[in-house]
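Enquirer: Sharing a structure here in structure tokens format.
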Amino acid sequence: MIQFDAVDKRFGDNVVLDELNFSVRPGEFVTLIGPSGSGKTTILRLLMTLEQVSGGQIWVGGECLSHTKRGETWVPADDKHQRVVRKRIGMVFQQFNLFPNMKVLQNITEAPMRVKNQNKSEATAAAEALLDRVGLADKAKAYPAQLSGGQQQRVAIARALAMQPKLMLFDEPTSALDPELVGEVLDVMKQLARDGMTMIVVTHEMGFAREVADQLVFMDAGAVVETGNPWDVLSNPQHERTKAFLSKVL
Amino acid sequence: MNWNWDYAWEVLPGIVGQGLLVTLEVTVFASLVAYVLGLVLALLRRSPFAVVRWIVWGFIEFVRSTPLIVQVFFMFFVLPNVGITLDPIPTGVLTIGLHYATYTAEVYRAGIEAVPKGQWEAATALSLPRGRTWVAVILPQAIPRVLPALGNYSISLLKETPILLTIGVLDIVGAAYQEGSAAFRYVEPITIAGVLFLILSYTSSLLVRRLERRVARSN
């Protein structure tokens, strides 16, 4: 479903991703772990087109996200092309990034109405169903600031799901939360995984990764160091760098 | 110097009845021009086209670097030569509004930049069109924050309106001067004009302070 072909990402002289190859199959739950600055978040940001590749190509569902073909040559994709491809992708941010000027319900219905041209009653019904799914049916009329961090993040998940994505990206979704609120967000994500959503999750929650993930990817310095079944990687890491990192976080 | 109460009462209705209304009219409409045009300038300064950004930058620098009175004379005496003739009050409203728009543009810019980057990213992640992102997400967060600063510019603007005396607008000061010249006695009318400005500025600044507190609370 997702394929990174020798993707480079540089900011000036700073190499963030170094000829990265990486792929995700449909329905797979992949967690990315690694020290900060290792490039995990950049993978998500490239997929969401918040950043552009410096080299290599990114494929989403058989279509190239980063480039389009002009005649026989590949050229960097324009915004119009990327817009079409990225509509299949939803993203949840560390800082939630809900729209504070809108009520919870409008946060969720805004994009379906404006982008998918759903009418109001259609979008509202879908939003209410999603709020129910994340356990916040009674918060439709609240403003984001009136919710706890965990509730805000669950609304953010509902907002992303309202666009009916085929792939969900989570960028450290629980890192900004008080410890007692982490569980409620992870529960929603587990449910989503059980429903068969393809998910890429950057997280420091190793217990969660071990329990839910199909594939665990350990990254360091812009490259994949080790990948495999989370149980194997976490309990029996093969590389020194993986061992060193895990000894600090487990 | 002596103060004549009878004379003061005599000139007061003329200054308040005519001058005050004109001052308020010019202030309100010039402020509206400054608010709307300032936002337009702020948005154009973020245009994807470099040419547009340069033109707007040049316009802002030009307007800010020349005295308001030169701009007033230009609009009033030069524009008719190219076939654009406006009455004194509309000329004043437009010129002062335009002048202050170059300052409110900066206020809007700061307000827009204060909206967290994550809001743009969330809008991109949802594929919201750019125009809709501005209207529904960015501006509703940016504008409430800048309202107090806009209010302060309206107060400055209010105090500059007497400049329109030079093109024959009878505002508070113009009316006071007219009353004074009828009797060759200026102390009372000019003092009254000053006190009226004091009252207007002070009450406006109280309103702005209330607004500031409300904005601070809602953040």
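Enquirer: Of all residues in region B:126-150, how many are more than 14 Å from chain A (Cβ to nearest Cβ) and either closer than 18 Å to B:Val93 by Cβ or without any contact (Cβ under 8 Å) to a residue 24 or more places away in the chain (or both)?
Expert: 1
Enquirer: What's the total number of residues in region A:49-81 that are within 14 Å of chain B (Cβ to nearest Cβ) and modelled with pLDDT under 90?
Expert: Residues flagged as within 14 Å of chain B (Cβ to nearest Cβ) and modelled with pLDDT under 90 within region A:49-81 amount to 4.
Enquirer: Next question, about the same structure. So how many residues does region B:35-77 have that are more than 16 Å from the chain's Cα centre (by Cα) and either assigned to a loop (DSSP other than H, G, I, E, B) or among the β-branched types (Val, Ile, Thr) (or both)?
Expert: 11
Enquirer: What are the residues in region A:82-95 that are more than 30 Å from A:Gly149 (Cα to Cα) and surrounded by fewer than 17 Cβ atoms within 10 Å (Cβ to Cβ), if any?
Expert: A:Val84
Enquirer: Scanning for something in contact with a His (Cβ under 9 Å, 6 or more places away or on another chain) and not aliphatic (A, V, I, L, M), does region B:67-90 turn up at least one residue?
Expert: Yes; the residues of region B:67-90 include at least one that is in contact with a His (Cβ under 9 Å, 6 or more places away or on another chain) and not aliphatic (A, V, I, L, M).
Enquirer: Restricting attention to region B:1-23, which residues are part of a helix (DSSP H, G or I) and touching a residue at least 24 places away in the same chain (Cβ under 8 Å)?
Expert: Hits for region B:1-23 are B:Tyr7, B:Ala8, B:Val11, B:Leu12, B:Gly14, B:Ile15, B:Val16, B:Gln18, B:Gly19, B:Leu20, B:Val22, B:Thr23.
Enquirer: Next question. Check region A:1-21 and report whether any residue there is assigned to a loop (DSSP other than H, G, I, E, B) and either within 24 Å of A:Ala244 (Cα to Cα) or in contact with a strand residue (DSSP E or B) (Cβ under 7 Å, 6 or more places away or on another chain) (or both).
Expert: The answer is yes; a qualifying residue exists.
Enquirer: Condition first: of a type in the set (Lys, Arg), surrounded by fewer than 23 Cβ atoms within 10 Å (Cβ to Cβ) and away from chain B (no Cβ under 14 Å). Can you find one or more residues in region A:13-31 that meet it?
Expert: Yes, because at least one residue in region A:13-31 is of a type in the set (Lys, Arg), surrounded by fewer than 23 Cβ atoms within 10 Å (Cβ to Cβ) and away from chain B (no Cβ under 14 Å).
Enquirer: Take B:Arg64 and tell me if it is in contact with a Ser or Thr (Cβ under 8 Å, 6 or more places away or on another chain), of a type outside the set (A, V, I, L, M, F, W, C) and exposed (fewer than 13 other Cβ atoms within 10 Å of the Cβ).
Expert: Against the criterion (in contact with a Ser or Thr (Cβ under 8 Å, 6 or more places away or on another chain), of a type outside the set (A, V, I, L, M, F, W, C) and exposed (fewer than 13 other Cβ atoms within 10 Å of the Cβ)), B:Arg64 qualifies.
Enquirer: Quick one: A:Phe29 ticks every box in (1) in contact with a Phe, Trp or Tyr (Cβ under 6 Å, 6 or more places away or on another chain); (2) under 30 Å from A:Leu181 (Cα atoms); (3) of a type outside the set (S, T, N, Q) except a single one, so which number is it?
Expert: All conditions pass for A:Phe29, except number (1).
Enquirer: For region B:7-21, state whether one or more residues are within 16 Å of the chain's Cα centre (by Cα) and hydroxyl-bearing (Ser, Thr, Tyr).
Expert: Scanning region B:7-21, I find no residue that is within 16 Å of the chain's Cα centre (by Cα) and hydroxyl-bearing (Ser, Thr, Tyr), so the answer is no.
Enquirer: Scanning for something away from chain A (no Cβ under 14 Å), outside any helix (DSSP H, G or I) and either surrounded by fewer than 18 Cβ atoms within 10 Å (Cβ to Cβ) or not charged (D, E, K, R) (or both), does region B:102-118 turn up at least one residue?
Expert: no
Enquirer: Please enumerate the residues belonging to region B:128-149 that are under 17 Å from A:Val85 (Cα atoms) and crowded, with 19+ Cβ neighbours inside 10 Å.
Expert: Across region B:128-149, the qualifying residue is only B:Leu128.
Enquirer: A follow-up question, please. Would you say A:Pro35 is in contact with a strand residue (DSSP E or B) (Cβ under 6 Å, 6 or more places away or on another chain), surrounded by fewer than 22 Cβ atoms within 10 Å (Cβ to Cβ) and part of a loop (DSSP other than H, G, I, E, B)?
Expert: No: the conditions fail for A:Pro35.
Enquirer: Additional query: For A:Lys103, work out the one condition from (1) within 14 Å of another protein chain (Cβ to nearest Cβ); (2) under 22 Å from the mean Cα position of the chain (by Cα) it doesn't fulfil.
Expert: A:Lys103 satisfies all of (1) within 14 Å of another protein chain (Cβ to nearest Cβ); (2) under 22 Å from the mean Cα position of the chain (by Cα) except (2).
Enquirer: Being touching a helix residue (DSSP H, G or I) at 6+ places or on another chain (Cβ under 9 Å) and in a helix (DSSP H, G or I) is true for just one of B:Pro80, B:Pro90. Which residue is that?
Expert: None of the others qualify; the one that does is B:Pro90.
Enquirer: Of the numbered conditions (1) buried (at least 19 other Cβ atoms within 10 Å of the Cβ); (2) over 16 Å from the mean Cα position of the chain (by Cα); (3) of a type outside the set (D, E, K, R); (4) more than 14 Å from every other protein chain (Cβ to nearest Cβ), A:Ile108 satisfies every one except a single condition; which is it?
Expert: Here A:Ile108 clears every test but (4).
Enquirer: Restricting the first residue to region B:26-46 and requiring it to be surrounded by 20 or more Cβ atoms within 10 Å (Cβ to Cβ), which pairs with a second residue that is of a type in the set (D, E, K, R) and at pLDDT below 95 meet a Cβ separation below 6 Å and a spacing of at least six or different chains?
Expert: none
Enquirer: Right, another one. Could we say that A:Leu161 is within 14 Å of another protein chain (Cβ to nearest Cβ), out of contact with any Asp or Glu (no Cβ under 9 Å at 6 or more places or on another chain), within 24 Å of A:Ala6 (Cα to Cα) and of a type outside the set (Gly, Ala, Ser) here?
Expert: Judged against the criteria, A:Leu161 is not a match.
Enquirer: Scan region A:111-138 for residues that are free of Cβ contacts under 8 Å to residues at least 40 places away in the same chain and either within 14 Å of chain B (Cβ to nearest Cβ) or surrounded by 18 or more Cβ atoms within 10 Å (Cβ to Cβ) (or both) and jot them down.
Expert: Correct list: A:Met113, A:Arg114, A:Asn117, A:Gln118, A:Ala123, A:Thr124, A:Ala126, A:Ala127, A:Leu130, A:Leu131, A:Leu136.
Enquirer: Any residue at all in region B:50-60 that is surrounded by fewer than 16 Cβ atoms within 10 Å (Cβ to Cβ) and in contact (Cβ under 8 Å) with a residue 24 or more places away in the chain?
Expert: No; the residues of region B:50-60 include none that is surrounded by fewer than 16 Cβ atoms within 10 Å (Cβ to Cβ) and in contact (Cβ under 8 Å) with a residue 24 or more places away in the chain.
The values are calculated or read from the model by the stated rules, or taken from the named source; none is laboratory data. Keep in mind the model is a prediction, meaning the values are calculated, not measured. Glycine gets a Cβ as well: all are built from the backbone with ideal geometry, and neighbour counts include every protein chain shown.
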